[in-house]
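Report on the structure given below.
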Amino acid sequence: MNLNDCQLLADLFTTRNITHTAANLYISQPALTYRIKQLEKQYQVALIVRGSKGIEFTEEGRLLHRHALTMIQNEELFIEQLANVSEEVRGTITIGASGLFSLYKLPKILNAFKNMYPNIDIHLKTGWSRDIKEALSLEQIHVAIIRGNYIINTEGHLLNKEELYVVSKTPFTKEDVLNLPLITYKTDLSLSQMIDKWWRNNFDRPIKPTIETDQAATCKEMVKYGMGIAVLPAISIEEEELFKISLNEFGEEEYYRETNLYYNKYVQELRHVSLFLEFLKEWHPKEVELQY
């Protein structure tokens, strides 16, 4: 099985659709079907079956898919190791980062890093922290920047510890919060639980938002137009002209949101990745002004 076959199996396992995989790999459907049949002939097993909802992998097909992913990862690692032999630093860093950090901090960081190391390429995946955590565990990325309290069995480094605030376009007091329209947004479980805990500890009625948005950035825009109040992390309201009260001012309980850097130990052996790790760890004092 060659690397083209590995890419075929990896994509087909994701799409579960012959047509979509053929399009993704820029080959014809007959050519793709032929390659699958050749693999089945080579290993003398059935790899896929066609169901009502698309392609399903047999148990043997799942085993070969895992083997294909290992081959792809080994090839990428080998290419990176070859790049490390060169005197000129080059290579590709795959980064997974939470949406808020990617929006408010990462563009400036990556721009500065690329200015220092123009021959190092960056592949970035943004999304929910839980998905980034999963990608790191599968070794699909070199570096994970994750917000929230996650237990991850890898190397780690605290990048940021920030407060959460109730924010409003107009002045308000702690006593006003219960009677003001509340705007909420979809977020990961750890932050949602933190906000729920704060609310239960300070108010005698359940949260009943007047507006529910899909993300923090949309929520903030609603607040800026005077549609209500919201609970937002410090990273999302820097330089905004909003009135705010820290959740830590409501009682004795403290509420902080952490951003952590995680990576598997082996990536430190890759010179270009190691350079990025050190760059990110040392970045905060001047440019990003991360708070500890």
inquiry  = So, restricting to strands (runs of 3 or more DSSP E) that lie completely within the stretch 129-213, which ones have at least 2 residues that are of a type in the set (Lys, Arg), under 17 Å from the mean Cα position of the chain (by Cα) and farther than 30 Å from Arg66 by Cα?
reply    = none
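Of everything in the stretch 171-200, what is touching a Gly at 6+ places or on another chain (Cβ under 7 Å) and modelled with pLDDT of 95 or more? Give them in sequence order.
Keep residues of the stretch 171-200 that are touching a Gly at 6+ places or on another chain (Cβ under 7 Å), which gives 180-183, 188, 190-191.
Within the stretch 171-200, Leu180, Pro181, Leu182, Ile183 meet the criteria.
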Test: residue in the stretch 39-51 that is within 30 Å of the chain's Cα centre (by Cα) and either assigned to a loop (DSSP other than H, G, I, E, B) or surrounded by 18 or more Cβ atoms within 10 Å (Cβ to Cβ) (or both) = no
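Please verify whether Glu241 is of a type outside the set (A, V, I, L, M, F, W, C) and either in the same structural domain as Gly156 (by TED's automatic domain parsing) or not in a loop (DSSP other than H, G, I, E, B) (or both), treating the condition exactly as stated. Even if it seems obvious, please write down each step before you answer.
On the way: of a type outside the set (A, V, I, L, M, F, W, C): yes; either in the same structural domain as Gly156 (by TED's automatic domain parsing) or not in a loop (DSSP other than H, G, I, E, B) (or both): no.
For Glu241, the condition - of a type outside the set (A, V, I, L, M, F, W, C) and either in the same structural domain as Gly156 (by TED's automatic domain parsing) or not in a loop (DSSP other than H, G, I, E, B) (or both) - is not met.
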inquiry  = I'd like the full set of residues that are among the hydroxyl-bearing types (Ser, Thr, Tyr) and modelled with pLDDT of 95 or more, limited to the stretch 219-253.
reply    = Tyr225, Ser246
Qualifying positions in the stretch 93-133 - touching a strand residue (DSSP E or B) at 6+ places or on another chain (Cβ under 9 Å) and among the charged types (D, E, K, R) = Lys105, Lys114, Asp121, Lys125, Arg130, Asp131, Lys133
ask   = How many residues, within the stretch 24-38, are within 32 Å of the chain's Cα centre (by Cα) and either exposed (fewer than 15 other Cβ atoms within 10 Å of the Cβ) or modelled with pLDDT under 90 (or both)?
value = 1
message = It is to be established whether one or more residues within the stretch 105-118 are over 14 Å from Leu277 (Cβ atoms) and buried (at least 20 other Cβ atoms within 10 Å of the Cβ).
response = yes
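The values are calculated or read from the model by the stated rules, or taken from the named source; none is laboratory data. A quick note: this is a predicted structure, and the numbers were derived from the prediction, not measured. Positions of Cβ are generated from backbone atoms using ideal geometry, with glycine treated the same way; all protein chains shown enter the neighbour counts.
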